[in-house]
Amino acid sequence: MSTLKGKTLFITGASRGIGLAIAKRAARDGANIVIAAKTAQPQPKLAGTVYTAAQEIEAAGGQALPLVVDIRFEDQVTQAVEQAVARFGGIDICINNASAISKTGTLATDMKRFDLMHGINTRGTYLVTRSCLPHLLKADNPHVLMLSPPLNMEERWFAPNVAYTMAKFGMSMCVLGMAGEFRGRVGFNALWPKTVIGTAAVQNLLGGDATMRRTRGPEIMADAAHALLTQPNSFSGNFCIDETLLRQHGVEDFSHYSTCPEADLMPDVFI
């Protein structure tokens with residue numbers, strides 16, 4: 001299998017950035033994309049809404065269903081899954097991309113921010129996956145993909161931002177457990193970038209122009225996700241790195257992914 005044509009992908013946080021790039025790559029194959037994201041109105045620092053994303057997906061060759069969803073709320077997720085199935089007849093792939101980040105220490109991370117990160121990253125991932133699973137179990141070659149890091153229980157990844165690391169590792173623990181629970185029926189994998197990915201969040205919230213010069217575009221994650229999702233779902237329980245996965249699929253030149261090819265790339269956290 002080398003195409004996602006006719007497949008229905010339920011993607012959280014796909015109104016911009018990596019989620020939208022993955023959606024557009026699948027759309028080029030002729031896939032159906034359910035955009036489950038919070039942004040209904042443009043924001044000053046983060047361009048893109050579920051509706052502009054739908055336009056880009058359809059322009060790329062796919063069908064789009066934009067749904068305004070806050071994945072912290074079970075009723076909204078349940079309704080979105082029902083709408084997806086009513087529109088496209090089922091769900092083949094679930095991609096948990098939505099995430100909240102606050103790279104702050106313990107005393108600087110109040111409980112509102114802690115709850116937001118855990119509510120979206122860990123609980124939201126579990127909720128969306130659980131809601132999609134009854135439909136995935138009926139699909140041909142179903143996959144669940146988490147945009148989360150390899151599990152590495154070293155102090156250096158926790159000490160600078162305990163709450164954020166716990167929340168992201170919660171997503172990865174879903175991969176570890178569910179891959180075993182549903183082995184042979186649904187493929188569960190994680191994907192993480194080797195370098196920082198240049199998105200609006202990085203530009204506006206996490207480093208500005210200096211960081212952006214040292215990034216790769218989200219297209220590398222989209223190509224890596226496509227390579228993963230077109231494999232048989234016997235490929236499961238893996239914590240993949242974008243560049244490594246693409247090299248395994250024959251890619252040797254990565255220069256076109258770089259935001260500024262002459263700059264040194266910045267390794268992503270957890271790598």
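The values are calculated or read from the model by the stated rules, or taken from the named source; none is laboratory data. In this text the structure is predicted, and so the values were computed from the model without any measurement. When we count neighbours, we look across all protein chains shown, and the Cβ atoms used for this are built from the backbone with ideal geometry, even at glycine.
Among the candidates 100, 64, which residue alone is within 19 Å of the chain's Cα centre (by Cα), under 14 Å from residue 14 (Cβ atoms) and either modelled with pLDDT of 95 or more or surrounded by fewer than 22 Cβ atoms within 10 Å (Cβ to Cβ) (or both)?
64 is the lone residue from the list that is within 19 Å of the chain's Cα centre (by Cα), under 14 Å from residue 14 (Cβ atoms) and either modelled with pLDDT of 95 or more or surrounded by fewer than 22 Cβ atoms within 10 Å (Cβ to Cβ) (or both).
Select, from 241, 271, 197, the only residue that is modelled with pLDDT of 95 or more and under 26 Å from residue 128 (Cβ atoms).
241
In contact with a strand residue (DSSP E or B) (Cβ under 6 Å, 6 or more places away or on another chain) and either surrounded by 17 or more Cβ atoms within 10 Å (Cβ to Cβ) or within 27 Å of residue 234 (Cβ to Cβ) (or both), is that true of residue 118?
no
Out of all the residues in segment 173-192, is one or more touching an Asp or Glu at 6+ places or on another chain (Cβ under 8 Å), surrounded by 16 or more Cβ atoms within 10 Å (Cβ to Cβ), of a type outside the set (A, V, I, L, M) and closer than 19 Å to residue 261 by Cβ?
Checking segment 173-192: not a single residue is touching an Asp or Glu at 6+ places or on another chain (Cβ under 8 Å), surrounded by 16 or more Cβ atoms within 10 Å (Cβ to Cβ), of a type outside the set (A, V, I, L, M) and closer than 19 Å to residue 261 by Cβ.
Name the pairs: first residue in segment 3-28 and over 18 Å from residue 242 (Cα atoms) and of a type outside the set (Gly, Ala, Ser), second residue at pLDDT below 95 and surrounded by fewer than 24 Cβ atoms within 10 Å (Cβ to Cβ), Cβ to Cβ under 8 Å, at least 6 apart or on different chains?
Within 8 Å, the pairs are 16/39; 16/46; 16/47; 16/48; 16/199; 16/200.
Could you list, in sequence order, all residues of segment 59-80 that are within 26 Å of residue 133 (Cα to Cα) and not aliphatic (A, V, I, L, M)?
62, 63, 66, 70, 72, 73, 74, 75, 76, 78, 79
Provide a single number: the residues in segment 156-191 that are out of contact with any Ser or Thr (no Cβ under 8 Å at 6 or more places or on another chain), part of a helix (DSSP H, G or I) and charged (D, E, K, R).
Final tally of qualifying residues: 2.
Name the single residue, out of those in segment 223-252 being without any contact (Cβ under 8 Å) to a residue 24 or more places away in the chain and in a helix (DSSP H, G or I), that is surrounded by the most Cβ atoms within 10 Å (Cβ to Cβ).
That would be 227.
Search segment 144-172 for residues being touching a strand residue (DSSP E or B) at 6+ places or on another chain (Cβ under 7 Å) and polar (S, T, N, Q), and hand back the single one that is surrounded by the most Cβ atoms within 10 Å (Cβ to Cβ).
My answer is 148.
Out of all the residues in segment 88-134, which are without any contact (Cβ under 8 Å) to a residue 24 or more places away in the chain and within 30 Å of residue 230 (Cα to Cα)?
130, 134
Can you go through 145, 151 and tell me which one is assigned to a loop (DSSP other than H, G, I, E, B) and under 17 Å from the mean Cα position of the chain (by Cα)?
On inspection, the qualifying residue turns out to be 151.
Looking at residue 113, is it surrounded by fewer than 17 Cβ atoms within 10 Å (Cβ to Cβ) and under 17 Å from residue 162 (Cα atoms)?
yes
Got at least one residue in segment 48-56 being over 25 Å from residue 191 (Cα atoms), touching a Pro at 6+ places or on another chain (Cβ under 9 Å) and of a type in the set (Phe, Trp, Tyr)?
Yes, some residue in segment 48-56 is over 25 Å from residue 191 (Cα atoms), touching a Pro at 6+ places or on another chain (Cβ under 9 Å) and of a type in the set (Phe, Trp, Tyr).
When only residues in segment 4-29 that are modelled with pLDDT of 95 or more and of a type in the set (D, E, K, R) count, which is surrounded by the fewest Cβ atoms within 10 Å (Cβ to Cβ)?
5
Considering 86, 37, which residue is buried (at least 21 other Cβ atoms within 10 Å of the Cβ) and either modelled with pLDDT under 95 or not polar (S, T, N, Q) (or both)?
Within the list 86, 37, the selection yields 37.
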